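Input: a single structure, listed below in structure tokens.
The values are calculated or read from the model by the stated rules, or taken from the named source; none is laboratory data. Note that the structure is predicted; figures quoted are calculated from it, not measured. Cβ coordinates were reconstructed from backbone atoms using ideal geometry, including for glycine residues, and neighbour counts include every protein chain displayed.
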Amino acid sequence: MAQEKMPDGTDAPLEFLPQAYSRNCDEEYPGGWGNATIHFPYIWYGNHDEETYRKDQGDYCDPWYHSTAQIDFLHVNTSIAGQAGTSTLLVTTALHSNVEVSAPIGSFTSKTFNIQHPTKENKRLVYASLEGPENGVYIRGRLTGNNVIELPDYWRGLVDPESITVSLTQIGSSQDLMVDKIEWGSKVVVRSGNASNIDCYYIVNATRKDIEPLEVEQDVVEGKDYPEG
């Protein structure tokens, strides 16, 4: 790591903690303090790398690095990588916390979330995401005494109407259910072949049209870091 510079070109008055020639190896440091900033400077500075960190004049302490950190906002220009670019990126939240991702954050061999268990003490709940060869959306519910499933109005701008599929699960008795028609991508009309009263669960799936389709099988790009698997 090169020596960091101040705006006037002088060396930055910062270095690893413990300091380069400290023998107080047990002391922990409380970290930085000051006013919050909306800019994106380095999280941490150091003025010695391993090759220039002198330990040949005594039993000096190893420098500290951040094992954990708390910040309000993290801006990443290119990527987040662990050892050899394959470490796990784990997002852990409190029971009612939210995690928002506004852009793709990378490629993973699996996608999970890990939250506080909602009913058992000293337990975590780990779920995996359902995977498929599309950017899909769905709605589900129950249809009782009615034959029309109303689709969300925003689906008109969100999904390809030709991609809409419907699954029906009849409740209580055989109703010979079928999809009669899908009107303008805004509603699904269900029909009973034996004129029964309709009572069923439904799932409606569709593919997003506001983004490019997934390229499911891709050529390997030489030199690019890929997740293991």
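Worth pointing out:
- Index of the failed condition, residue 170 passing every other in (1) at pLDDT below 90; (2) surrounded by 10 or more Cβ atoms within 10 Å (Cβ to Cβ): (1)
- Within the option set 127, 226, being surrounded by 10 or more Cβ atoms within 10 Å (Cβ to Cβ) and in a strand (DSSP E or B) holds for one residue only, 127.
- Restricting region 118-162 to residues that are in contact with a strand residue (DSSP E or B) (Cβ under 9 Å, 6 or more places away or on another chain), basic (Lys, Arg) and outside the structural domain of residue 200 (by TED's automatic domain parsing), the residue that is farthest from residue 217 (Cα to Cα) is 123.
- Among the residues of region 173-200, those that are modelled with pLDDT under 95, loosely packed, with under 15 Cβ neighbours inside 10 Å and under 36 Å from the mean Cα position of the chain (by Cα) comprise 183, 184, 186.
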